[in-house]
1. Can you give the FRET efficiency to the nearest 0.05 for A:ALA2 and A:ARG98, using r as the Cβ-Cβ distance and R₀ = 25 Å?
2. Hey, what did chain B get for relative contact order, percent, Cα under 8 Å, at least 6 apart?
3. Rounded, prolate or oblate: which fits the stretch A:34-100, taking a ≥ b ≥ c as square roots of the Cα gyration tensor eigenvalues, rounded meaning a/c under 1.5, else prolate when a/b beats b/c?
4. Once you place label points 7 Å from the Cα toward the Cβ at B:SER28 and B:LYS42, how far apart are they in nm?
5. Counting other Cβ atoms within 10 Å of each Cβ, which GluC sites (Glu not before Pro) in the stretch A:1-104 have at most 16 and sit in a DSSP loop?
6. List, in the order given, every pair from A:LYS78/B:LYS93; B:LYS42/B:LYS105; B:LYS42/B:LYS108; A:LYS11/B:LYS93; A:LYS15/B:LYS105 whose Cα-Cα distance in the structure shown is over 19 Å.
7. By a straight-distance test (C-alpha under 20 Å), which aspartates and glutamates pair with B:LYS1 as possible cross-link partners, with residues fewer than eight away in the same chain excluded?
8. Among A:LEU60, A:GLN103, A:ILE79, flag the residue with its Cα farthest along the positive direction of the charge dipole of chain A, charges on Cβ as +1 for Lys/Arg and -1 for Asp/Glu.
Amino acid sequence: GAGVSQTPSNKVTEKGKYVELRCDPISGHTALYWYRQSLGQGPEFLIYFQGTGAADDSGLPNDRFFAVRPEGSVSTLKIQRTERGDSAVYLCASSLTRGSGTQYFGPGTRLLVL
Amino acid sequence: KQEVTQIPAALSVPEGENLVLNCSFTDSAIYNLQWFRQDPGKGLTSLLLIQSSQREQTSGRLNASLDKSSGRSTLYIAASQPGDSATYLCAVKYQGGSEKLVFGKGMKLTVNP
């Protein structure tokens with residue numbers, strides 16, 4: 001079956017603008033994760049969903065960042081008033097359920113804030 | 001603080017060598033450890049997952065070991081090939097209820113023909 005997909009693959013925006021990044025998890029996976037990867041670094045956790053609810057949002061850097069998963073499948077990461085420091089690759093992952101399973105990652109969205 | 005470290009940051013070897021990639025973590029109370037591969041400009045591909053109760057996992061030319069007491073994992077790559085060139089990342093899920101993975105910075109491997 002299809003893997004995790006993310007759109008857009010690249011996004012260029014201007015400082016202060018609003019952006020939305022979309023993640024389609026593997027069908028049937030109830031757990032969904034967002035990470036952010038800066039150049040030369042490993043991914044850093046942002047938020048985790050189990051079903052429709054955000055079970056852990058401790059990694060969101062500030063209140064400009066928000067994510068939703070209204071129907072327990074597709075998720076959208078929303079960034080308000082973007083700053084140049086938000087430039088990074090945003091990675092989405094899913095797993096069959098919470099617990100001991102493998103997290104499968106999408107190709108990421110490369111965000112550049114000018 | 002729960003951290004994951006990978007040293008060295010980069011490694012360049014001739015084709016055919018057997019390789020050992022190192023990963024260390026600060027807290028032995030882990031749930032599992034996962035090794036990933038990342039090609040330039042791409043997402044992460046899961047290579048091996050080791051549960052905390054396991055000592056090693058094998059897949060083809062790859063073997064990953066886990067020693068919780070010393071806070072270390074190694075990824076062994078046998079008979080390296082140019083196609084193995086990529087960045088290898090180690091990630092730990094710690095006990096305590098959080099589902100997040102804590103990643104190292106990765107090790108960039110170049111296998112020269």
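1. 0.70
2. Once divided by the residue count of chain B, the mean separation gives 37 percent.
3. oblate
4. With each label point 7 Å from Cα toward Cβ, the separation is 3.7 nm.
5. A:GLU14, A:GLU71, A:GLU83
6. Pairs exceeding the cut-off: A:LYS78/B:LYS93; A:LYS11/B:LYS93; A:LYS15/B:LYS105.
7. List returned: A:GLU44, A:ASP56, A:ASP57, B:ASP27, B:ASP67, B:GLU99.
8. Working it through, the farthest residue towards the positive pole turns out to be A:ILE79.
Bear in mind that the values in this text are calculations on the coordinates, not laboratory data. It should be emphasised that the depicted structure is a prediction, and the values quoted were computed from it without experimental measurement. Cβ: placed from backbone, ideal geometry, glycine included. Neighbour counts: every protein chain shown.
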